[in-house]
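Every number here is computed from the coordinates shown, using simple stated rules; none is lab data. Being a predicted model, the structure only gives us computed values, none of them experimental. Virtual Cβ from ideal backbone geometry, glycine too; neighbours counted across all protein chains shown.
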Amino acid sequence: MNTEFIILSSVLNILIVLLLSPLFDGFTRKIRALIQSRVGPPLLQSYYDLLKLMGKEDLKSTINPLFRLSPYLSVVSIGMASLLIPITGLVPPLNFWGDIFLFIYIITVVGIAIIITASASENPFAYIGASRKMMLHLSVEPILAIALITGAINAGSFKIGDIVSWYYSNGPNVSMLLSTVCVFLSLQALIGKIPFDISEAEQEIAEGVLIELSGPKYACVKWANMSRQVLFCLVFTQIFIPWPLSENSLINVIIALIKVTAIIFISTLIESLNPRLRIDQALKYNLTLALFSLTSIFLALLGV
Amino acid sequence: MQYLYFSFLSLIFAMFLTFFIRNKNFSGFVTLIMTSFSSLCLLHLSLDIIIENKVVEQEIFSLKPLLNSSLIIGIDSLSALFLLIISLVSFCVTLFSWKYFEAYKTESPQRFYPFLVLLFISSIGVVSVKELLFFIVFWELMTLSSWFLVVFEREKRSALKGGLQYFITAHVTTAFLILASVIVYSYSNDFSFREINKSFLLIIDKHPYLSHFILFCIFIAFVTKAGVLPFGFWLPNAYPQPPSSASSFFGGVMSKLAVYALFRFFSSVIPLSYHTQVWGFIIAVFGVFSIFIGTIAALTQDEAKRLMSFHAIGQVGYMLLGIGVGLYFININPFLATVSLVGGLFHVFNNSIYKSLLFLNAGAIFYKTGTTDLNKVSGLIKLMPLTAITALVGSLSIAGVPPFNGFISKLLIFESSIWSAKQSDVLFLIRGLFIVFGIISVFISAVTLASFLKFVNSAFMGKLRGAIDEKRTLPWSMVLSQMILALVCIITGLFPFIPLKIIYNATISCFDLLPSFSSVFIVDFKGVGINFFENYSQGAWYPIFVMIPLILLSSLIFAFEKYAKAPKRDVETWYGGKEHSPEEVVYKGHSFYQPFKDLVSFRIGNIQFKGFYPVKIPKIEFKIPLKFIKILNIDEWLYYPVVDRITKFFEFFGKIYEIITEKYISWLVFGSIFVFVLLFYIFGGKL
């Protein structure tokens with residue numbers, strides 16, 4: 001692995017996750033409109049929204065300095081998490097022995113940034129949203145961790161690159177299939193869409209964590225939310241469904257984009273056809289799923 | 001070596017001096033000067049030993065005619081690591097308590113500083129002696145001085161209760177330690193660690209059960225002090241009681257010294273054998289138990305210092321998990337054992353820094369508002385922004401978020417416990433258990449983050465609230481001590497290579513069979529590459545390199561925002577269109593994570609469990625049969641009846657005197673005749 005490849009794939013990863021995410025968001029809006037028999041906004045509408053919000057009036061409800069800084073952190077941490085996903089090939093640009101734990105922590109940082117933004121804004125609705133977001137994260141993180149650890153046991157390495165290479169060449173076995181299914185079942189909670197958008201419930205707590213945000217800050221957090229969708233769909237497609245793959249990295253990128261589009265389509269279908277869960281229901285769902293997914297670890301230990 | 005004596009002397013001098021000073025400010029200043037001198041000496045000594053990786057040993061005096069015991073001071077890299085921690089934390093603690101003591105209006109400093117300094121002395125003693133008898137002496141001195149600090153506020157009921165629990169528990173377990181040392185002495189006939197190490201092989205060989213009992217005694221003594229559940233039930237009641245600077249030394253150093261003692265005993269006092277493996281597994285099990293229960297119980301706490309005490313329990317669990325896994329695998333797979341032991345010790349180092357930092361933050365809150373109850377304070381970032389930032393740094397470090405310092409140590413612990421999956425010669429069940437331990441610790445580090453975000457969010461964010469003393473600004477010394485610790489957190493997080501090397505040297509000084517540093521952390525070892533720090537293209541963890549693109553990215557967004565020229569306006573908080581005063585709609589610390597707390601709270605019988613931890617520790621009641629008590633009560637069936645009879649008898653005779661004078665006279669006459677006849681009889685009429 002040479003330096004040019006690292007730089008190329010880092011740039012490509014960040015571009016896909018951060019710059020293409022409004023496009024995918026426009027795609028979901030279009031699909032949702034079609035399901036609800038509307039025409040819907042144009043595909044590039046989310047770009048227009050972000051650009052416009054950047055120049056809108058910035059309302060400050062507090063003098064807390066963290067309120068100003070943490071929206072940036074939310075975007076930037078997603079950019080960092082994107083460096084750990086193999087898009088251009090089998091190996092991600094940032095890798096070392098134990099990067100699965102780094103990945104788990106970085107998706108935590110994504111949550112922390114939004115939680116701190118919310119609680120710094122001094123609004124009680126935002127506090128409720130922050131508390132719910134942390135609880136959701138608590139319950140959904142073990143599922144992803146267990147799935148990645150299953151891969152680590154199978155592949156005999158703590159590198160995401162090695163796990164993907166092993167999975168690509170050895171094909172699915174029972175334990176990896178089981179963990180793939182578990183990650184798919186928790187995908188909506190990872191993305192934070194209905195039925196798991198409890199922390200940003202519009203009707204209930206008035207967008208919760210986003211209530212006091214406006215102008216550039218709102219643009220940053222909104223952008224982070226869009227990018228999070230692409231990020232987790234990429235995690236699912238690139239780590240748990242690594243096929244097909246070619247030698248050329250650009251073709252790999254196109255394949256990844258097609259796969260992500262398919263997953264986002266399914267996720268949007270789920271989103272628009274389901275009601276929102278209550279927080280205690282969501283917690284029970286996720287923790288049960290986490291306990292269930294422990295079986296995949298034991299299957300991996302048995303070598304199947 | 002003389003640096004150690006200098007630091008000892010200056011601390012002892014400070015202890016005697018502060019006994020006589022009544023002025024709070026002056027007393028604190030004297031302690032600060034003396035402690036910073038001793039810290040400098042210790043820093044020099046420990047850096048010297050760490051860099052040259054040598055062992056210094058010296059016998060000071062001997063009790064040879066009485067006992068085979070002598071005060072041996074020996075400092076190797078492991079001791080030097082702990083001396084480094086003590087020097088850093090003790091300096092910050094005294095710097096903090098200098099001005100902090102003004103928050104206590106009526107209490108005299110004569111009951112605080114001498115014992116704090118005695119605690120420093122005894123903890124330096126614990127890490128530097130190489131001899132069981134004097135180890136116990138210093139250990140006991142540490143317990144006593146910390147007990148005086150726990151009961152510092154004598155008027156508070158909770159302080160007395162916590163102090164009593166601490167005193168009894170600590171002494172019962174010290175009795176176990178003394179028992180173990182006596183048994184060992186009867187075999188080795190010498191108290192020095194080296195002689196014990198030699199003769200312990202004999203005990204293991206001849207009396208395997210006895211040696212298990214000795215290990216049990218040692219284990220229970222240290223684990224109770226470290227606060228591992230279920231033996232650590234005293235800890236959440238005792239740690240919040242003293243002034244925050246003392247709590248910070250408790251949480252940062254004292255409970256870690258128990259981990260040091262455990263490590264020292266299982267590495268250099270007790271030889272490696274099958275026993276080590278068994279007890280390694282037991283240590284890991286107890287570690288995970290306290291990780292899980294301690295941290296989830298911390299989520300339900302609303303009082304800042306009590307919350308941190310529960311985290312002290314949970315974090316000690318991580319260290320024990322690392323050390324336990326290391327001891328289990330030390331004969332099977334030295335590579336894995338190295339990773340695990342280094343992870344455990346690295347976590348000790350990191351934890352002592354951020355745990356003391358967090359206790360100091362709680363102290364700053366107390367100084368400003370007079371309470372540490374998270375339901376009563378909020379919005380303090382506006383009054384003390386630096387404290388809030390350091391609290392955030394400490395919280396992210398304790399949760400192990402990269403690039404702060406908890407990350408690498410937790411990473412090593414997770415990896416080693418999950419890596420046991422690949423050891424095919426270990427039982428399947430045990431491998432599965434170790435992996436479950438790893439997953440629990442990954443999950444719990446998110447719970448840690450949740451509970452510390454609760455601390456930061458409810459104390460520092462939100463509307464300014466609480467009984468705030470406006471005149472009392474936070475003095476620079478208190479801010480500086482927090483800043484130092486926070487900086488150490490960030491620097492060790494950004495450059496993990498240097499502390500990793502120090503800690504590897506500390507580990508290797510106890511176990512000399514482990515693979516070399518470069519083969520573990522730089523190049524591959526038997527096909528497994530942990531290589532953190534090889535060149536970047538091969539895959540490595542350089543936090544500083546990762547930060548650069550991120551900073552670039554955020555400055556790009558910032559530049560765009562500047563270019564867009566968004567106007568700014570200050571507004572009131574928006575309550576969904578209604579008018580509310582901030583007091584009506586406040587979101588208290590208690591309300592955080594309520595559904596999750598409900599999920600982990602339940603009731604068994606009479607005992608209410610909150611986060612798997614009983615709210616009231618159930619009383620243990622013995623029922624002894626009544627007859628047994630009666631037999632024990634000798635007064636009741638022997639003494640009182642006999643005495644009653646005798647007194648009645650004499651009372652009967654006493655009546656004779658009182659009734660009539662004539663009778664008394666006649667008694668006199670008859671008596672004298674009787675005596676006369678008796679004398680006459682005895683001497684045979686020769687009068």
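Stokes-Einstein diffusion of segment B:627-682 at 4 °C, 1.567 mPa s viscosity, Kirkwood radius from Cα pairs, rounded to a whole number: 89 µm²/s. Are there DSSP H segments in chain A that both extend 20 Å or more along their axis (alpha-carbon positions) and score a mean Kyte-Doolittle hydropathy of at least -0.5? List them, or say none. Helices passing the filter in chain A: A:21-35, A:65-82, A:99-120, A:124-155, A:215-235, A:249-273, A:279-302. Over chain A, the alpha carbon radius of gyration divided by the compact-protein estimate 2.2 N^0.38 Å works out to 0.98. Rounded if a/c is under 1.5, else prolate if a/b is larger than b/c, else oblate: which is segment B:202-293, with a ≥ b ≥ c the root eigenvalues of its Cα gyration tensor? Prolate shape, in that a/c is at least 1.5 and a/b is the bigger ratio. Rg and Dmax over the alpha-carbon atoms of segment B:274-494 stand at 18.9, 67 Å. From largest to smallest, the equivalent ellipsoid semi-axes obtained for segment B:546-595 from the alpha-carbon gyration tensor read 35, 21, 7 Å.
On full extension of the chain, what length is gained from B:Lys630 through B:Ser36, given 0.36 nm per residue of separation minus the C-alpha to C-alpha distance? Spell out each step's value before the answer.
On the way: separation 594, 0.36 × 594 = 213.84 nm, distance 6.12 nm.
Between B:Lys630 and B:Ser36, full extension yields an extra 207.7 nm.
Using a Förster distance of 56 Å, how high is the FRET efficiency between B:Lys382 and B:Leu513, based on the Cβ-Cβ distance and rounded to 0.05? According to the calculation, E is roughly 0.50.
Each label point was placed 7 Å from the Cα along the Cα-to-Cβ direction; for B:Val571 and B:Val285 their separation is 5.9 nm. Applying the criteria of a DSSP loop state and at most 14 other Cβ atoms within 10 Å to the trypsin sites (Lys or Arg not before Pro) of segment B:576-651 yields B:Lys616, B:Lys619, B:Lys623. The orientation-averaged shadow of the Cα convex hull for segment B:40-185, equal to a quarter of the hull surface, comes to 10.5 nm². Figure legend: label point modelled 7 angstrom from the Cα of B:Leu9 along Cα→Cβ; residues of segment B:38-56 with amide N under 15 Å from it are B:38-39, B:41-42.
In terms of the ratio Rg/(2.2 N^0.38 Å) built on C-alpha atoms, what value belongs to chain B? Please list the in-between numbers first.
Working: Rg = 32.1 Å, N = 687, 2.2 N^0.38 = 26.3 Å.
Dividing the Cα radius of gyration by 2.2 N^0.38 Å gives 1.22.
Take the Cβ-Cβ distance between B:Phe612 and A:Glu4 as r, set R0 to 56 Å, and report the resulting FRET efficiency rounded to the nearest 0.05.
Numbers: r = 52 Å, r/R0 = 0.94.
The computed FRET efficiency comes out at 0.60.
Straight-distance candidates among the lysines for linking to B:Lys198, with alpha-carbon spacing under 18 Å and chain neighbours fewer than 8 residues away dropped: B:Lys130, B:Lys206.
How far, in degrees from 0 to 90, does helix B:406-419 lean away from the longest principal axis of the Cα atoms of chain B, to the nearest 10? Tilt relative to chain B: about 80 degrees.
Shielding of A:209-221 by partners, i.e. mean partner chain Cβ atoms within 10 Å per residue? Write down the numbers at each step before the final one.
Numbers: counts 0, 0, 4, 3, 0, 4, 6, 8, 2, 0, 5, 3, 0.
That average works out to 3.
For chain B, excluding the exposed loop sites themselves (chymotrypsin sites (Phe, Trp or Tyr not before Pro), DSSP loop, at most 11 other Cβ atoms within 10 Å), the longest remaining stretch covers B:21-621.
Sparsely packed loop sites in segment B:372-433 (the trypsin sites (Lys or Arg not before Pro) outside DSSP H, G, I, E and B with at most 14 other Cβ atoms within 10 Å) do not occur.
Enter the per residue convex hull volume of segment B:241-306, computed from alpha-carbon coordinates, in Å³ rounded to the nearest integer. Please report the intermediate quantities before stating the final value.
Numbers: hull volume 5.4 nm³, N = 66.
Cα convex hull per residue, to the nearest whole number: 82 Å³.
Given a Förster radius of 45 Å and the C-beta distance between A:Ile270 and B:Thr371 as r, what FRET efficiency does 1/(1 + (r/R0)^6) yield to the nearest 0.05? So, using R0 = 45 Å, E works out to roughly 0.45.
By the gyration tensor of its Cα atoms, with a ≥ b ≥ c the square roots of the eigenvalues, what is the shape of segment B:25-88: rounded for a/c under 1.5, prolate for a/b over b/c, or oblate? Mind dumping the intermediate values first?
Values: a/c = 3.55, a/b = 1.39, b/c = 2.55.
Here segment B:25-88 falls in the oblate category.
Distance from the C-alpha centroid of segment B:249-316 to that of segment A:182-240: 37 Å, rounded to the whole angstrom. In summary, the lysines within cross-link reach of B:Lys655, defined as a Cα separation below 23 angstrom excluding same-chain residues under 8 places away, comprise B:Lys663.
Using a 7 Å offset from the Cα along the Cα-to-Cβ direction at both A:Glu202 and B:Tyr209, what is the distance between the two label points in nm, to one decimal? Going by the 7 Å Cα→Cβ label model, 7.3 nm. Equivalent-ellipsoid semi-axes for segment A:79-229 (Cα gyration tensor, √(5λ), whole Å, largest first): 32, 16, 12. Scattering from segment B:86-167 was approximated by placing one identical point on each alpha carbon and applying the Debye formula without solvent; log10 I(q)/I(0) at 0.12, 0.22 1/Å stands at -0.40, -1.10.
Tilt of helix B:428-459 relative to the longest C-alpha principal axis of chain B, in degrees (0 to 90, nearest 10)? Around 80 degrees separate the two axes.
Does segment A:1-55 come out rounded, prolate or oblate by the C-alpha gyration tensor, with a ≥ b ≥ c the root eigenvalues, rounded set by a/c under 1.5 and, if not, prolate when a/b is larger than b/c and oblate if not?
Details: a/c = 5.97, a/b = 2.17, b/c = 2.75.
It is oblate, given that a/c is not under 1.5 and a/b is not larger than b/c.
Placing unit charges on the Cβ atoms of the charged side chains and taking the dipole of segment A:3-302 about its Cα centre, the candidate lying farthest along the positive direction among A:Asn170, A:Leu287, A:Leu83 is A:Leu287. Ordering A:Asp49, B:Asp48 by the number of other Cβ atoms within 10 Å of each residue's own Cβ, fewest first, gives B:Asp48, A:Asp49.
Please report the equivalent ellipsoid semi-axes of segment A:10-126, computed as sqrt(5 x eigenvalue) of the Cα gyration tensor, largest first, in whole Å. Mind showing how you got there, number by number?
Numbers: eigenvalues 144, 124, 33 Å².
Calculated on Cα positions only, the semi-axes equal 27, 25, 13 Å.
Straight-distance candidates among the lysines for linking to A:Lys259, with alpha-carbon spacing under 26 Å and chain neighbours fewer than 8 residues away dropped: A:Lys30, A:Lys159, A:Lys193, A:Lys222.
Placing dummy labels 7 Å off each Cα toward the beta-carbon, the span from B:Ile673 to A:Ile254 is 14.7 nm.
What value does the protein assembly as shown have for Rg/Rh, both radii from Cα atoms and Rh as Kirkwood defines it? Before the final figure, lay out each step's value.
Values: Rg = 33.9 Å, Rh = 30.9 Å.
Expressed as Rg/Rh, it is 1.10.
Pairing the Cα long axis of helix B:640-658 with the longest principal axis of chain B, what angle in degrees results, from 0 to 90 and rounded to the nearest 10? The answer is roughly 40 degrees.
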